[in-house]
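Okay, so here's the structure we're looking at.
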Amino acid sequence: MHLTLRAGTPVDAEVCGRICYEAFKTINEAHQFPPDLPSVEVGIGLMSMLLNHPGFYKVVAEVDGRAVGSNFLDERSTISGIGPITVDPSVQNLQIGRRLMRDVLERTSKRGAPGVRLMQSAFHSRSLCLYAKLGFESREPISVFQGPALGIAIDGIQVRPAEEHDLAACNQLCRKVHGHDRSGELKDSIQHETATVAERNGRLTGYTSSMAYFGHTVGETNDDVKALIASAKEFGGPGILVPTRNGELFRWCLERGLKVVYPMTLMTIGLYNEPAGAWMPSVLY
């Protein structure tokens, strides 16, 4: 086997999209969980978006000239987020995933990024062991929730679409809760009109980049995050990611009919602060 790594380009979208779909479908169904992606077409669309986005580093693995996997690194903000990493099921267990992971970690080291993070499917023990061997620390158990839109409001909290002028206040809130901001991806979300903010007495107290698998949420209190969840018209992708240790928020979601789809684990290398507020990660971190 002759394995090489190269930069990913937009023309890789179809083959990488098919691999992404098949890889997640295979591992999820083996553990009796629903696939992350509903179709090959969605996988191709996801890969097309990532491969065309200038804020992501892209790497493709080839065996004897055939693409067999890919990995991505979100470089839009202070902390880098890894994923999705996928390898063709027909060539699993040949250390291709390890090579793809080492490549993006070398990239973060060269760039001097203060930290790098990822979300790991907790039922996938092989990836857990690989990431631990590469130096990742397990920081937080996460539960993916999905269900119908709640269509309710939280007393005293108003939710509205985020605008460009909200960026500074959102960044300040994120720094207060996490010790860093996620300005780059939030800016993208505001431009794509998926971000919303929560306000109490005219003061911004929470925001979400999108109430979806790839969206993150920050709030001063659980009520701020609840208001953002409650106002969402839908929960995009497999669902929203709720820190399992936040018992109040976890139970609130259950009591309103949302159901746990599967467990994940937030893993980190480098800068990490125990959050000082309410929050929900994206599938990247």
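Using 1/(1 + (r/R0)^6) with R0 = 35 angstrom and r between the beta carbons of N201 and A30, what's the FRET efficiency to the nearest 0.05? If you can, show how the numbers build up before the last one.
Details: r = 50 Å, r/R0 = 1.44.
Efficiency, from the Cβ-Cβ distance: 0.10.
Sequence-distant contacts, meaning Cα pairs under 8 Å at least 6 residues apart, place the relative contact order of the chain at 21 percent. Basic side chains Lys and Arg get +1 at the Cβ, acidic Asp and Glu get -1 at the Cβ, and with that the dipole of the stretch 82-180 about its Cα centre reaches some 580 debye.
Which of K226, K176, K133 moves most in a GNM of the chain, Cα contacts under 10 Å? Top of the fluctuation ranking is K133. Roughly how far apart, in whole Å, are the Cα centres of the stretch 91-106 and the stretch 1-45? Between the Cα centre of the stretch 91-106 and that of the stretch 1-45, the gap is 15 Å. Simple point charges give the picture: +1 on the Cβ of Lys and Arg, -1 on the Cβ of Asp and Glu, and for the stretch 146-280 a dipole about the Cα centre of about 300 debye. Stretching R256 away from K110 to a fully extended chain increases their span by 48.0 nm, per 0.36 nm per residue minus the current alpha-carbon distance.
Sorting the Cα pairs of the stretch 66-186 by distance into bins of 10 Å, from 0 upward, gives 10, 31, 32, 18, 8, 0 percent per bin. Each Lys and Arg Cβ is given +1 and each Asp and Glu Cβ -1; about its Cα centre, the chain then shows a dipole of about 640 debye.
3J(HN,Hα) couplings calculated from phi for the stretch 45-57 with the Karplus curve 6.51 cos²θ - 1.76 cosθ + 1.60 (θ = phi - 60°) are, in sequence order, x, 4, 4, 4, 4, 5, 5, 8, 8, x, x, 10, 7 Hz; Gly and Pro show x.
Here the Karplus relation 6.51 cos²θ - 1.76 cosθ + 1.60, evaluated at θ = phi - 60°, turns the backbone of the stretch 255-272 into coupling constants of 5, 9, x, 6, 10, 6, 8, 6, x, 9, 9, 7, 10, 9, 10, x, 3, 7 Hz, with x for every Gly and Pro. With a Förster radius of 51 Å applied to the beta-carbon distance between D103 and K233, the computed FRET efficiency rounds to 0.85. Amide H contacts under 5 Å for G69: A61, D88, restricted to partners 5 or more places along the chain or on a different chain, H placed in the peptide plane at 1.01 Å from N.
Of E185, E248, E140, which has the largest mean-square fluctuation in a 10 Å C-alpha GNM of the chain? Judging by the Gaussian network model, the answer is E248.
Could you grab the Rg to Rh ratio for the stretch 3-113? Cα atoms only, Kirkwood for Rh. Could the numbers behind the result be given before it?
Working: Rg = 13.5 Å, Rh = 14.1 Å.
We get a ratio of 0.96 for the stretch 3-113.
Could I get the Rg over Rh figure for the chain? Both from C-alpha atoms, Rh via Kirkwood, rounded to two places. Kindly include the intermediate steps, with their values, before the conclusion.
Numbers: Rg = 18.5 Å, Rh = 19.2 Å.
With Rg and the Kirkwood Rh in hand, the quotient comes to 0.96.
Over all distinct alpha-carbon pairs, what is the Kirkwood Rh of the stretch 146-280 in angstrom? Don't skip to the end; give the middle numbers.
Values: mean 1/r = 0.0671 Å⁻¹.
Radius from the Kirkwood sum: 14.9 Å.
Dipole orientation for the chain: of the candidates M280, P54, H178, H178 has the Cα lying most toward the positive pole (charges on Cβ; Lys, Arg +1; Asp, Glu -1).
For the stretch 1-64, the alpha carbon positions stretch 34, 30, 17 Å along the principal axes, listed from largest to smallest. Kirkwood hydrodynamic radius computed over the stretch 243-285 comes to 12.2 Å, based on all pairs of distinct alpha carbons. Couplings 3J(HN,Hα) for the stretch 171-186, derived from phi with the Karplus relation 6.51 cos²θ - 1.76 cosθ + 1.60 (θ = phi - 60°), are 5, 5, 5, 4, 5, 5, 7, 10, x, 7, 10, 10, 4, x, 6, 5 Hz, where x marks Gly and Pro. Between the amide H of T196 and those of A162, T208, distances stay under 5 Å, these residues lying 5 or more places away or on another chain, with hydrogens modeled in the peptide plane. Backbone amide hydrogens, once placed in the peptide plane, bring G239 within less than 5 Å of Y213, excluding anything fewer than 5 places away on its chain. A straight line joining the Cα centroids of the stretch 134-174 and the stretch 255-285 runs 10 Å. Taking 7 Å steps out from each Cα toward its Cβ at Q191 and N93 produces label points 4.4 nm apart.
Readers should treat all values here as calculations from the given coordinates under stated rules, not as data from a laboratory. Note that the structure is a prediction, hence the values are computed from the model and not measured. Using ideal geometry, Cβ is built from the backbone for each residue, glycine included, and neighbour counts are taken over all protein chains shown.
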